[in-house]
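K.L.:
My questions all concern the structure below.
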2 protein chains.
Amino acid sequence: MPDGLHRLLREGLGVRCDTPVPGSIDELELEPVRLADAVAAELASIVGAPHANADREARVRHALGKSTIELLQLRHEGLLPAPDLVLYPGSHDEVLAVLVVCSARRVAVVPFGGGTTVVGGVVPEASAFAGVVALDLRRLDALLELDEVSRLAVFEPGLRGPQAEALLARSGFTIGHFPQSFEYATLGGFAAARSSGQASAGYGRFDDLVLALRAATPAGTLTLGRAPRSAAGPDLRQLVLGSEGALGVITSLTVAIRPAPEQRIYDGWRLPSFRQGAAVLRALAQDGPTPTVVRLSDEAETAFGLARPGSAGTGAAGTGAGVSSAGTAGQPPGCLAILGWEGSGAELARRRDQAAGLLAAAGGEPVAGAGDEWAAGRYRAPYLRDALLDAGVLVETLETVAFWSALHGLYEAVSVAVRDALTAQGTPPVVLCHISHVYASGASLYFTVACAQLDEPIAQWRAAKAAVADAILAAGGSISHHHGVGTDHREPYERELGPLAIAALRAVKRTLDPAGILNPGILLPPPGAGSARHPTHETR
Amino acid sequence: MPDGLHRLLREGLGVRCDTPVPGSIDELELEPVRLADAVAAELASIVGAPHANADREARVRHALGKSTIELLQLRHEGLLPAPDLVLYPGSHDEVLAVLVVCSARRVAVVPFGGGTTVVGGVVPEASAFAGVVALDLRRLDALLELDEVSRLAVFEPGLRGPQAEALLARSGFTIGHFPQSFEYATLGGFAAARSSGQASAGYGRFDDLVLALRAATPAGTLTLGRAPRSAAGPDLRQLVLGSEGALGVITSLTVAIRPAPEQRIYDGWRLPSFRQGAAVLRALAQDGPTPTVVRLSDEAETAFGLARPGSAGTGAAGTGAGVSSAGTAGQPPGCLAILGWEGSGAELARRRDQAAGLLAAAGGEPVAGAGDEWAAGRYRAPYLRDALLDAGVLVETLETVAFWSALHGLYEAVSVAVRDALTAQGTPPVVLCHISHVYASGASLYFTVACAQLDEPIAQWRAAKAAVADAILAAGGSISHHHGVGTDHREPYERELGPLAIAALRAVKRTLDPAGILNPGILLPPPGAGSARHPTHETR
């Protein structure tokens, strides 16, 4: 990070810059191995010895996801929870066999894709178990079938985003699913966590794209989906999607594909205000033309982009145009929208022109270069977080979703809650927000929060996050639009669903996973535990 | 029916025309009332005496749905199963209270909307219960909220299609959901049975349109959905949608709405063959422009339309154009497609023109008048069935869905299965088919089957239907695209899902409905019963 940014952080946020840096793998102190050697050997024999690994590096690399709390855990003293053994199964049947043995031996199993969870989705609450096995699915990386007529592809779950796209590109197809975790996250993870990509307005969310799936569970195999849609009972595909490894291990996925677009164009637009910008986005989502990518920064995020070295704002300033010139001229910078258009030729031009007319009518002005800069840096933001944490900044993102009529209230409620909670701790934050995904009936809000780290930054953040969860639920939002539940959101998730829906989900869990070995504590409380804050009991 | 048609049926199908006509309500022999007077009084006191009815007419009107088997039951000797009592609750709380009392007294409860089920969805298998109550939801008929910003409306479930549309029309909105049962079916029924309307290509299926819902269950209230989409765990809305009253009684629904279109245009096109027509429909569904209504008759259905008095085909013949002139000139009549376009002005014209180019390139020719005739008669076909049954014809529809690459195989398999099964009984059938709904990845097939009635037409049809179910599953189709499971499809549904998914669903049922009172035998086997043909046991 440039010195200028350090100074900004010190002066703007009161950052002290005496934060510990992460230890090397050898320096980390891991929880001791609990898995009995005999059980480890039994499990290794299923996948073959070369595909079982209990060494320090393998354990560390499967210990955590990518939430700020987890990155902080690597920087502070203390025992790091880590799986006892990492298994790399090579087939559905091997996964089934591992689940059977682990059920019999009461060993917790953590299905592991890209490890990009930001809600504690790979850190089970496994004290009641005889050990923890990470089930790394990277060897399940085949494109099993490409059906160009039905425009679907059958994949194994361990393929990372770029791998899957490369396999399809050979035939001219794309999934069109590009979340910020795209470079590392796997298709299985996209499905298990109901991922939503940056191009969701054009291609749909990943749960829209899954037409069929197979999952291995301790009780056997689930095979769901024979057609685009059906009236044969409830859509049970939707019970596995979003189950975050707590109900089963997805071992194959039938995914909708499309011809890769000839053109991808990303436009930047400055809108006068967040409220006016949101109204235009709503019109595009409801009446079209709907862009493939839709994103709108609020005033603070737009202004911050201008001040951030190497950011889209500064880049645009270099061209002397749009947001930046307005900002540097002392005018309010307004709100930066990024609209992506994919397709070909005249049709794409027509849709883009039509949208441009609506944007201009709402007071929008094009911002030269901003769209391309966004596209070039679209996967980069998460990497900046490590540098900021090293520099003593507590920085994290959080997100929610609501119907349009509740959206501005939700925006205010979350902004106030996180600002108050951190200010009360003596660390007033910067709070930035953008609309990240739009639907006809609503949109998601994606917040970035930064403040000075206290000596116990994990507790500092948890307090803020708890206040945010209360605010989201009170304002009618959902606790997550695309990050999922994991362990971090489990308690507000229980409140969002209510005790009866949670009981129904637990009943499914007991059927598919009678010993409760799959990701204990993720999504649902671990065996034997009640909810910490709001006890789960069935009420009328 | 005109004499010409009678002659056609006699000569073409061997119909004998000595079928019993349905008895009047007074002539029908009903199963005796089993519900104890004290329990009936207890239940009546919940909804108020004026809203509880045990008279013969109320019992008969809630005894059956609208499948051909049920219409035949009204025409043949035998005890008619009928509920002991009909309750008309006026609120969610009254529904909850009824479910509590019925659970305590072991009384089966049949949630009743429009009664338009064609899969036995209102005829429970209730011999293990102390009686049957029909819960008619017609008094729950309010539009509770209209949110024009989010384009959603909150409805009570007892509204019939036309009632809901009329309430929205005051504000210029529509749901856009027009299944053939539209005139009688209710919103709650649309949701509980995953209904798919004729305009599904444009508006989506009803399960796409439900954004939130509340359901009363014997174990309490479920409230699901706070946003268009969420990553907060599995989408449990999809567990209630399609549950056919077996998991809970839907008492409110938040439904996506749209501005009513300025124009609705229905075009008829003649395509050279079913295969070529299906290819064009696939292109429209995959690459657009996608019509709002999409339908393609096969050669037999198209030809039959020409011969049927008062039908679209004859109407078109009257104009001397298109399908009919080709047919009457001795050329193959080809396949009639109906494409509906909704929208306004230039945008609608552009999409329609673009499609016309694709259709013409595929050898299509416009058929003057056919689209409007289809639209005028779009809800009429089911009524003809009664007249045909009276005339000694066994006539019924059945439907399925698959991915595009499996569609023609499924078409052949079902056609052969139903033809062989009826021919083996000495009654070779006429088998007509159309594609009724399209998706990017597949389409549904809707068959109409007609043959001469035997003396035991119910057994005659059941044998054919069993053969069809086997054929559908073997060809990779789903047992129902939009009719649902009910009792008629329960056994093949179990095979389609497999024992583990069925076990998961039963676990949900046990949680929400511990006494198993809700629609016993619908969707899932009734308490104590195994599957007749394929015992449910959990296997690996």
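Computed from the coordinates by the stated procedures, all read-outs in this text should not be read as laboratory data. What you are looking at is a predicted structure, and each value in this text was computed from that prediction instead of being measured. Here the Cβ positions follow ideal geometry from the backbone for every residue, glycine too, while neighbour counts run over all protein chains shown.
K.L.:
Quick one: what do you get for the stretch A:401-467 if you divide its Cα Rg by 2.2 N^0.38 Å?
P.N.:
1.22
K.L.:
Put a point 7 Å out from Cα along the line to Cβ at A:R10; what are the distances to that point in the other copies, in nm, shortest first?
P.N.:
Ordered by distance, the counterparts are at 10.5 nm.
K.L.:
Could you compute the FRET efficiency for A:E77 and B:A360, with r as their C-beta to C-beta distance and R0 at 51 Å, rounded to 0.05?
P.N.:
0.10
K.L.:
Ratio of the stretch B:59-113's C-alpha Rg to 2.2 N^0.38 Å, to two decimals?
P.N.:
Taking the Cα Rg and dividing by 2.2 N^0.38 Å, one obtains 1.37.
K.L.:
If you don't mind, there's one more thing I want to ask. State, as an integer percentage, the relative contact order of chain B based on alpha-carbon contacts under 8 Å between residues 6 or more apart.
P.N.:
Reported as a whole number, the value is 17 percent.
K.L.:
Which distances, in nm and shortest first, link the A:P272 label point to the same label point in every other copy, taking 7 Å along Cα→Cβ?
P.N.:
When each copy's label point is compared with this one, the spacings are 5.8 nm.
K.L.:
What does the convex hull of the alpha-carbon atoms of chain B project to on average, in nm²?
P.N.:
25.0 nm²
K.L.:
Please provide three numbers in whole Å: the alpha-carbon extents of the stretch A:136-178 along the principal axes, with the largest listed first.
P.N.:
Projected onto the principal axes, the Cα atoms of the stretch A:136-178 cover 32, 20, 15 Å.
K.L.:
Skipping prolines and chain starts, which residues have an amide H placed within reach, meaning under 5 Å, of the one on A:S252, given they are 5 or more residues away or on another chain?
P.N.:
Result for A:S252 returns A:R214.
K.L.:
Another question about this same structure. Full-extension gain between A:A349 and A:D26, please, as 0.36 nm times their residue separation minus the C-alpha to C-alpha distance.
P.N.:
Details: separation 323, 0.36 × 323 = 116.28 nm, distance 5.52 nm.
Difference between extended and current length: 110.8 nm.
K.L.:
Let me ask another. If I model a spin label as a point 7 Å beyond the Cα along the Cα-Cβ vector, how far apart are those points for B:L454 and B:R495 in nm?
P.N.:
In this crude label model, B:L454 to B:R495 measures out at 2.0 nm.
K.L.:
Kindly state, as a whole number, the per residue volume in cubic angstrom of the convex hull around the alpha carbon atoms of the stretch B:143-259. Could you put the intermediate results ahead of the total?
P.N.:
Details: hull volume 11.5 nm³, N = 117.
Convex hull of Cα atoms, per residue: 99 Å³.
K.L.:
In the neighborhood of A:A134, defined by Cβ-to-Cβ distances under 13 Å, what is the net charge if each Lys or Arg adds +1 and each Asp or Glu adds -1?
P.N.:
Net charge around A:A134: -1.
K.L.:
While we're looking at this one, here's another question. With a Förster radius of 45 Å, plug the Cβ-Cβ distance of B:R139 and A:R510 into 1/(1 + (r/R0)^6) and report the FRET value to the nearest 0.05.
P.N.:
It comes out at approximately 0.75.
K.L.:
Please give me, ordered by residue number, the GluC sites (Glu not before Pro) of the stretch B:10-68 that lie in loop per DSSP and have at most 13 other Cβ atoms within 10 Å.
P.N.:
Numbers: sites: B:E11, B:E27, B:E29, B:E42, B:E57; in loops: B:E27, B:E29.
Passing both the DSSP loop test and the Cβ count: B:E27, B:E29.
K.L.:
Here is a further query. Spin-label point model (7 Å from Cα, Cβ direction): what's the A:A36 to A:R275 distance in nm?
P.N.:
Result: 6.6 nm between the two label points.
K.L.:
May I ask you to work out the translational diffusion coefficient for the protein assembly as shown at 10 °C, viscosity 1.306 mPa s, via Stokes-Einstein with Rh from the Kirkwood sum over Cα pairs, reported in whole µm²/s?
P.N.:
On the way: Rh = 30.7 Å.
In µm²/s, the coefficient is 52.
K.L.:
Taking the Cβ of B:L35 as the center, what net charge do the other residues with Cβ under 13 Å away carry, scoring Lys and Arg +1 and Asp and Glu -1?
P.N.:
That works out to 0.
K.L.:
Sequence neighbours fewer than 8 away in the same chain don't count; with that in mind, list the lysines whose C-alpha is under 30 Å from A:K509.
P.N.:
Cα-Cα hits under 30 Å: A:K66, A:K465, B:K509.
K.L.:
Between B:T223 and B:A128, what's the calculated FRET efficiency when r is the beta-carbon distance and R0 is 22 Å? Round to 0.05.
P.N.:
Numbers: r = 31 Å, r/R0 = 1.40.
Rounded to the nearest 0.05, the efficiency is 0.10.
K.L.:
Now a separate question. If each DSSP helix of 4+ residues adds -39,500 (n - 2.57) and the sum is divided by the residues in chain B, what number results at 222 nm, nearest 500 deg cm²/dmol?
P.N.:
Using -39500 (n - 2.57) per qualifying helix, the result is -11000 deg cm²/dmol.
K.L.:
Measuring nothing but label to label, 7 Å from Cα along Cα→Cβ, what are B:G409's distances to the other copies in nm, shortest first?
P.N.:
Label-point separations across copies, in nm and ascending: 5.2.
K.L.:
Note down the net charge around A:S405, summing +1 for each Lys or Arg and -1 for each Asp or Glu among other residues with Cβ under 9 Å from its Cβ. If you can, show how the numbers build up before the last one.
P.N.:
Numbers: positive: none; negative: B:D147, B:E148.
Value of the local net charge: -2.
K.L.:
Normalized C-alpha radius of gyration of the stretch A:3-136, against 2.2 N^0.38 Å?
P.N.:
Details: Rg = 17.9 Å, N = 134, 2.2 N^0.38 = 14.1 Å.
Compactness ratio reported: 1.27.
K.L.:
Right, next: Can you put B:Y184, A:Y439, B:Y203 in order, fewest other beta carbons within 10 Å first?
P.N.:
Working: B:Y184 16, A:Y439 25, B:Y203 22.
Exposure proxy ranking, most exposed first: B:Y184, B:Y203, A:Y439.
K.L.:
With contacts defined as alpha carbon pairs under 8 Å and 6 or more residues apart, what's the relative contact order of the stretch A:404-511 in percent? Could you put the intermediate results ahead of the total?
P.N.:
Numbers: 105 pairs, mean separation 27.0, N = 108.
Computed over the stretch A:404-511, the figure is 25 percent.
K.L.:
Report the dimensions of the stretch B:344-450 along its three principal axes from the alpha-carbon atoms, largest first, rounded to Å.
P.N.:
Sorted largest first, the three principal extents are 54, 34, 22 Å.
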